[in-house]
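Asks: After the structure tokens below, expect a handful of questions from me.
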Amino acid sequence: MSGAVNFKKCGSVLVTGASRGLGLQIVDSLARGCFSPGKIVATTRNPASTQKLQELAEKHPNIHIITLGKAEKNHDVVSQESIEKSVEEVGQLVQEEGLNCLINNAGINVVADFQTVTAEMMIENFHTNAVAPLMITKAFQPLLKRAASRGGAGGTGSMGIQRAAVINMTSLLGSVELNWGERANNLKWYPYRTSKSALNMVSRCMAVDLEPDGILCMAIHPGWVRTDMGGSEAPLSPEESVSSLLSVIGGLTEKDHGSFLNFTGESLPW
Ligand code: NAP
């Protein structure tokens, strides 16, 4: 059975980068499904310009839109002030139940190869894709810990989204091992690839540090998907990718803590 049903046992899910692409689809699929969690917190850097998300929130009262990141600058998902403000708002929303599932989805692809890459491009991509998920998770840790301490649905104390989990949306392109031989001749994107390798290491480090609190942490690749980032040639629709992602994320247990998984559920090499 699809693990997505476990979202029903989940009091709250927060998704970053919910204005469009995979983030918007995650919010949409969670809200529509018969497994909808108690509260869906959708973050965006500019709520006023996200019409589709606004429409969804009007239809589904369990969607709460929160600002995270600044609209003026392209690399401000990590604005500490904005992160802290969002933690306060989410804290008011979830109260003593805490936050069950944090999905660090927001990301960018600064396309550049060996010839065109600059220091600024590297830093911008690293900032949004690796630094922001770390700083966001750090700031939300007290809320995740609060949820984890309640033991999850039925108070069983086992790891999973029904208790507390951090899901980092990474990419196959961040795999160091897979960037070799024939595969390495494609998509020579220095900023993006290295930012996702760094995110993978951040995920692994956080898995070590969050384990004592019972917070599951892992990294997942969504497949190659038809979004603004993935482009129109991609084989997967956002619906297909997210349906599979939610099934895998919903079914995560202790054995998946610290893992790097494909959207189909198989392990990927670091
Ligand atoms: P997308 O369509 O380009 O959407 C990216 C989302 O991230 C948007 O909501 C965007 O908000 C937000 N975002 C980007 N930079 C931000 C910043 N500095 N501050 C706040 N929000 C920011 O991308 P996607 O395809 O949905 O990708 C989602 C995640 O999946 C990314 O982490 C990506 O690396 C990963 N991924 C995607 C694919 C694929 O094939 N699509 C493959 C592997 C991994 P705005 O609307 O405000 O810009």
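Asks: Mind checking the per residue accessible area of the chain for me, 1.4 Å probe, whole number of Å²? Walk me through the numbers before you get to the answer.
Replies: Values: 12480 Å² over 270 residues.
Here the per-residue accessible area is 46 Å².
Asks: Taking every DSSP beta bridge with both residues inside the chain, roughly what % is antiparallel (nearest 5)? Walk me through the numbers on the way to the answer.
Replies: Working: 2 of 27 bridges.
DSSP beta bridges in the chain are roughly 5 percent antiparallel.
Asks: Please give every one of the aspartates and glutamates within straight-line cross-link reach of residue 196, meaning a C-alpha to C-alpha distance under 16 Å, and leave out same-chain neighbours fewer than 8 residues apart.
Replies: Reachable aspartates and glutamates: 113, 124, 177.
Asks: Additional query: Mind checking the full-extension length gain between residue 67 and residue 205? Use 0.36 nm per residue of separation minus the Cα-Cα distance, one decimal, nm.
Replies: 47.0 nm
Asks: Carbon and sulfur: what percent of the chain's accessible surface (1.4 Å probe)? Mind dumping the intermediate values first?
Replies: Details: 6700 of 12480 Å².
Taking all protein chains in place, the chain shows 54 percent carbon and sulfur surface.
Asks: If you don't mind, there's one more thing I want to ask. Hey, rough spin-label estimate for residue 213 and residue 184, points 7 angstrom out along Cα→Cβ, what's it come to in nanometres?
Replies: 3.8 nm
Asks: As a test of the formula, what do you get for the chain when each DSSP H run with n ≥ 4 contributes -39,500 (n - 2.57) and the sum is divided by the residue count, at 222 nm and rounded to the nearest 500 deg cm²/dmol? Walk me through the numbers on the way to the answer.
Replies: Values: 7 runs with 96 residues, N = 270.
-11500 deg cm²/dmol, from helical runs alone.
Asks: Can I ask one more? Going from most exposed to least, what order do 247, 267 have by accessible area with a 1.4 Å probe?
Replies: Working: 247 40, 267 95 Å².
Final ranking, largest accessible area leading: 267, 247.
Asks: Report the residue, chosen from 28, 209, 256, that carries the largest GNM mean-square fluctuation when the chain is represented by alpha-carbon nodes joined by springs under 10 Å.
Replies: Residue with maximal mean-square fluctuation among 28, 209, 256: 209.
Asks: Moving on to the next point. Anyone know which of 178, 252, 199 comes out most mobile in the 10 Å Cα GNM of the chain?
Replies: The residue that fluctuates most here is 178.
Asks: Here's something else I'd like to know. Which pairs break 29 Å Cα to Cα here: 85/145; 9/59; 52/188?
Replies: Listed pairs above 29 Å: 52/188.
Asks: Can I ask one more? Picking from 118, 194, 253, which is most flexible by a Gaussian network model of the chain using Cα springs under 10 Å?
Replies: Top of the fluctuation ranking is 118.
Asks: While we're looking at this one, here's another question. Cα gyration tensor of the range 133-211, axes a ≥ b ≥ c as square roots of the eigenvalues: rounded (a/c below 1.5), prolate (a/b > b/c) or oblate?
Replies: Taking the square roots of the gyration eigenvalues as a ≥ b ≥ c, the range 133-211 is prolate.
The values are calculated or read from the model by the stated rules, or taken from the named source; none is laboratory data. Every value quoted in this text rests on a predicted model; they were computed, and no experiment measured them. Counting neighbours? That spans all protein chains shown, and the Cβs are built from the backbone with ideal geometry, glycine included. Heavy atoms of the whole protein, side chains included, go into the accessibility calculation; ligands, DNA and RNA do not. Shrake-Rupley method; radii C 1.70, N 1.55, O 1.52, S 1.80 Å.
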